[in-house]
Amino acid sequence: MRGIVIAAAALAAALSAGLPAVAADPPETLATVGGKAIKRADVEEHVRAKLIEIENERYEALKEGLDEMIADELIAQEAKARGVTPEKLEETEITAKIAAPTDAEIQKVYDDNKQALGGQTLEQVKPRIVAYLEQQKAEDRGTAFVNELKAKYKTTIALRPPVVKVAADGRPSRGPADAPITIIEFSDYECPFCKRAEASVEQVLKAYPDKVKLVYRDYPLPMHPNARPASEAAACANAQGKFWEYHKKLFDNQTALGKDKLKAYAQELGLDRAKFDKCLDSSEFKAKVDQDVEAASKVGVSGTPAFFINGRMLSGAQPFEKFKEVIDEELAAAGSKPAS
């Protein structure tokens with residue numbers, strides 16, 4: 001009540017001082033320099049990539065908060081229906097149903113991260129691995145339980161992610177042309193994270209053979225001297241109808257992308273070597289790579305890999321599960337059945 005009084009007093013003070021009580025529409029002209037007007041639209045275009053990044057961050061923050069509030073409300077409603085406290089419900093349905101990590105699971109985490117552990121033995125790091133697996137299992141079980149409750153208590157979500165329009169015409173693609181899901185990938189042949197992401201991409205295409213179309217676009221980073229020549233070489237291979245074979249060859253030999261190697265890979269794949277060499281030596285597809293880099297920068301790409309799933313940005317070498325989450329949401333929005 002006191003807050004309302006204070007707000008009313010502030011409003012009255014603003015009006016009495018001749019100040020607007022509600023923020024005015026932002027001006028069309030943001031600055032003038034020597035008589036030259038700098039328009040809001042021009043500034044927004046100039047920082048478009050940053051604005052897209054901010055909007056994505058804002059959405060992720062809102063989604064995280066919304067998911068937490070939905071979960072809390074679902075658990076509160078189910079606890080009330082059962083006549084127990086939310087804490088007791090979570091103990092019964094989540095904590096009590098978490099299986100202890102198996103020796104095989106512990107060993108796998110150790111093997112997968114052995115290089116990063118700096119020579120520490122399994123026994124030295126086992127308590128940390130167990131704690132990590134227990135937390136992961138708790139999160140997985142919590143998510144599963146919330147999904148069960150969503151099926152019981154009708155839950156609708158109006159929050160939608162920002163969507164960016166990214167052109168895909170004329171670029172190498174895999175999957176049905178009329179697929180309900182289009183994934184546009186910006187990648188760099190010399191980027192280790194891009195190579196890591198290839199496994200997730202292949203898993204996506206295998207899981208959604210009739211529903212996903214993958215489009216590849218280049219974004220060679222300046223720090224990778226062989227990335228641009230590799231991109232141009234892949235375009236030369238594409239001109240001879242063997243883009244994806246050459247694409248795989250490049251990622252399989254990521255540390256050997258010198259010009260001589262690029263030409264040797266073409267020969268190994270049965271390409272017309274003379275045509276390929278001429279194409280690569282003349283930088284025939286430099287403009288095409290430049291177009292990809294410019295397009296990526298305009299839609300907020302600042303690193304690789306970057307994916308746009310029906311226009312929804314997904315950055316980094318994400319696991320299959322993250323792709324699946326976004327794809328299933330898009331399929332559900334379109335009325336299609338998600339993958340099992």
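Every read-out reported here was derived from the displayed coordinates using simple, explicitly stated rules and does not represent laboratory data. Keep in mind the model is a prediction, meaning the values are calculated, not measured. Using ideal geometry, Cβ is built from the backbone for each residue, glycine included, and neighbour counts are taken over all protein chains shown.
Past the 22 Å Cα-Cα mark, which pairs from Lys263/Lys288; Lys50/Lys286; Lys249/Lys278; Lys213/Lys275? Result: Lys50/Lys286; Lys213/Lys275 exceed 22 Å.
Centre-to-centre, using Cα atoms only, the range 21-84 and the range 248-311 are separated by 36 Å. Available extension along the chain between Thr85 and Leu30 is 14.3 nm, counting 0.36 nm per residue and deducting the alpha carbon span. Which one, Ser302, Cys191, Val201, projects farthest toward the positive side of the charge dipole computed for the range 173-333 from Cβ point charges (K/R +1, D/E -1)? It is Cys191, whose Cα lies furthest towards the positive end.
Computed with the Debye formula from one identical point scatterer per Cα of the range 49-152, without solvent, the log10 of I(q)/I(0) at q = 0.10, 0.13, 0.15 Å⁻¹ comes to -0.47, -0.71, -0.82.
Excluding same-chain neighbours fewer than eight residues apart, the lysines reachable from Lys108 by a Cα-Cα span under 16 Å are Lys126, Lys137. Cut-off 12 Å, label point 7 angstrom out along Cα-to-Cβ of Tyr153: give me the residues of the range 61-95 whose amide nitrogen falls inside. Correct set: 69-83, 86.
Let me check against my output: what whole-number percent is the relative contact order of the chain, with C-alpha pairs under 8 Å and at least 6 apart?
18 percent
Contour minus end-to-end for Ala199 and Glu284, with contour as 0.36 nm per residue of separation and end-to-end as the Cα-Cα distance?
On the way: separation 85, 0.36 × 85 = 30.60 nm, distance 3.01 nm.
27.6 nm is the gain from fully extending Ala199 to Glu284.
A straight chain from Lys206 to Leu66 at 0.36 nm per residue would run longer than the Cα-Cα distance by 47.2 nm.
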